[in-house]
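The values are calculated or read from the model by the stated rules, or taken from the named source; none is laboratory data. Since this is a predicted model, take the numbers as computed values, not measurements. Note that each Cβ is placed from the backbone with ideal geometry, even for glycine, and that neighbours are counted across all protein chains shown.
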Amino acid sequence: MPSVISTDVLIVGAGVAGLWLNARLRRQGFSTVLVESASLGGGQSVKSQGIIHGGAKYALHGALTGASEAIADMPRRWREALAGNGELDLSGVRLLSEAHYLWSPGTLAGNLTSFFASKAVRGRVDQVKGDQLPPALQDKRFKGKVYRLAELVVDVPSLIQRLADLAGDGLLAGQTIEPLLEAGVLVGLKVDGREIRAQRIVLSAGAGTAELLEHLGLSRPAMQRRPLHMIIAKGPGLKPLYAHCLGGGTKPRITVTTHPAADGQWVWYMGGDIAESEGVAREPAEQIATAQKEIAQLLPWIDLSTTQWATLRVDRAEPLQTGLTRPDNAFLAEEGRLLVGWPTKLALAPDFADRVIASLQRDGIQPQATEPLPPLPKPPLGVPAWEQLLP
Ligand SMILES: Cc1cc2nc3c(=O)[nH]c(=O)nc-3n(C[C@H](O)[C@H](O)[C@H](O)COP(=O)(O)OP(=O)(O)OC[C@H]3O[C@@H](n4cnc5c(N)ncnc54)[C@H](O)[C@@H]3O)c2cc1C
């Protein structure tokens, strides 16, 4: 029988939310155990585009209000952490781009008037031209306007690796999770039969959270899945591009980020409107053809002749949206010792950790001296989709 474990905070789900929270808590002297059933970051986190939004995208359709600016502070907090002097020491994590760009291919600048007046972007957006343009847009045929947003793009696999290092001996590979009850009250969890008692239990299992709640006999908080059909291209003709390309609507027509593949080539990872509802309905071959047409029209100088293509279907997991839910805050619900939530964005992992820490402080939860952990089986690191689909 495996030994019984006592810890301060037991976290289930090692995506960016669970890993970031775990590292913050350990830094504050709490003991933690972080349980993962598949791979570290392998859910949504390594499938994300890695953009550390500051809210500019939401300002485009007026959704970012003065009262919901947690996200506006995220680029600063990440920048400090990446420099090694923030709330976590993330020095060594690879930064893919210092900026994300907003690119308006036609004469859409009129649509941008209220955008530039909004608080989220004021003083943080500069138009760029000529050799300041992202490499993929540097061609004499390029028309349109490009603005530089003060939003970073991080290499998520290296982020997950660093957060896993900061997790020390607290990572646990575990599949079967059952409630550990005492007089009908949840006091911990049984993970693969091993009892783990904790002062607080946090569920940050992304799309797996709904099922975990069901297992614990709870129906709330309710979760929603938002399906996406992303496009992946890899080839020698692709140069770095980190940009939202604007269409006529309120959402970016296409959002391109560029990632290093293990073989040294660049991968374009494409989302935005193209990956949402209509894109989800398309078959993979149709989705690829749609992306090829978009690129041929927007960037006709890009040589796609030797490019390899794939698509990836993945769901975003979020709290069920109501008219009141803002897209730019992390979400946390509490029930006794149990805390349940979704960061809603990779960028908002710090906000998710803040909410858990505020709850612990409010309830007077302090680090308690606990026995050192026994050696635990570790989950593997998540692998980017392009390494699996376009090896
Ligand atoms: C295509 C795409 C692009 C995105 N781009 C961006 C972006 O550019 N910027 C941004 O800020 N956000 C972006 N996001 C959103 C962002 O990826 C997510 O909000 C964030 O990664 C969620 O982190 P998480 O830790 O909650 O979930 P996940 O990363 O999904 O992690 C949850 C973990 O829990 C584990 N788990 C599930 N069930 C169990 C169980 N029963 N027991 C133990 N473990 C379990 C899973 O295996 C997984 O590892 C994007 C999302 C998608 C899908």
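Okay, residues lined up against (1) surrounded by fewer than 20 Cβ atoms within 10 Å (Cβ to Cβ); (2) assigned to a helix (DSSP H, G or I); (3) touching a strand residue (DSSP E or B) at 6+ places or on another chain (Cβ under 9 Å):
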residue	(1), (2), (3)
VAL280	yes, yes, yes
LEU332	no, no, yes
ALA353	no, yes, no
LYS378	yes, no, yes
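When the residues of region 188-223 are filtered to those that are more than 14 Å from the ligand (Cβ to nearest atom) and closer than 25 Å to LYS378 by Cβ, the one that is nearest to the chain's Cα centre (by Cα) is ARG200. Of the candidates ALA349, ALA289, the single residue that is over 30 Å from SER219 (Cβ atoms) and small (Gly, Ala, Ser) is ALA289. Can we say LEU320 is away from the ligand (no atom under 13 Å from the Cβ), among the hydrophobic types (A, V, I, L, M, F, W, C) and loosely packed, with under 15 Cβ neighbours inside 10 Å? Answer is yes for this residue. Only a single item in (1) modelled with pLDDT under 95; (2) over 21 Å from LEU21 (Cβ atoms) is not met by THR370, and it is number (2).
Assess whether GLY206 counts as being surrounded by 17 or more Cβ atoms within 10 Å (Cβ to Cβ) and in contact with a helix residue (DSSP H, G or I) (Cβ under 9 Å, 6 or more places away or on another chain). Yes. Can you find a residue in region 127-140 that is surrounded by fewer than 18 Cβ atoms within 10 Å (Cβ to Cβ) and at pLDDT below 90? Yes: region 127-140 contains one or more residues that are surrounded by fewer than 18 Cβ atoms within 10 Å (Cβ to Cβ) and at pLDDT below 90. The set of residues in region 162-193 that are surrounded by fewer than 19 Cβ atoms within 10 Å (Cβ to Cβ) and not hydrophobic (A, V, I, L, M, F, W, C) comprises ASP165, GLY168, ASP169, GLN175, THR176, GLU178, PRO179, GLU182, GLY184, LYS190, ASP192, GLY193. If you filter region 1-23 down to residues that are of a type in the set (A, V, I, L, M) and surrounded by fewer than 24 Cβ atoms within 10 Å (Cβ to Cβ), you find that the one that is nearest to the chain's Cα centre (by Cα) is ILE5. Take the conditions (1) of a type in the set (Val, Ile, Thr); (2) in contact with a helix residue (DSSP H, G or I) (Cβ under 6 Å, 6 or more places away or on another chain); (3) within 11 Å of the ligand (Cβ to nearest atom); THR255 misses just one of them, which is (2).
Kindly check whether there is at least one residue in region 340-351 that is buried (at least 17 other Cβ atoms within 10 Å of the Cβ) and of a type in the set (Val, Ile, Thr). Give the steps one after another, and end with the answer.
Within region 340-351, the subset buried (at least 17 other Cβ atoms within 10 Å of the Cβ) is 340-351.
Cutting the leftovers down to of a type in the set (Val, Ile, Thr) gives us 340, 344.
Yes, the conditions are met somewhere in region 340-351.
How about region 78-99: which of its residues are surrounded by 14 or more Cβ atoms within 10 Å (Cβ to Cβ), of a type in the set (A, V, I, L, M, F, W, C) and not in a helix (DSSP H, G or I)? LEU88, LEU90, VAL93, LEU95, LEU96, ALA99, listed by residue number.
Mind counting the residues in region 24-42 that are more than 19 Å from the chain's Cα centre (by Cα) and either modelled with pLDDT under 95 or part of a loop (DSSP other than H, G, I, E, B) (or both)? It would help to see each step written out before you state the result.
In the first step, residues of region 24-42 are kept if they are more than 19 Å from the chain's Cα centre (by Cα); the result is 25-33.
Restricting the remaining residues to those that are either modelled with pLDDT under 95 or part of a loop (DSSP other than H, G, I, E, B) (or both) gives 28-31.
Of the residues in that region, 4 qualify.
Of the residues VAL4, VAL9, VAL16, which single one is of a type in the set (A, V, I, L, M) and within 12 Å of the ligand (Cβ to nearest atom)?
Numbers: VAL4 fails: within 12 Å of the ligand (Cβ to nearest atom); VAL9 fails: within 12 Å of the ligand (Cβ to nearest atom).
After ruling out the rest, the residue left standing is VAL16.
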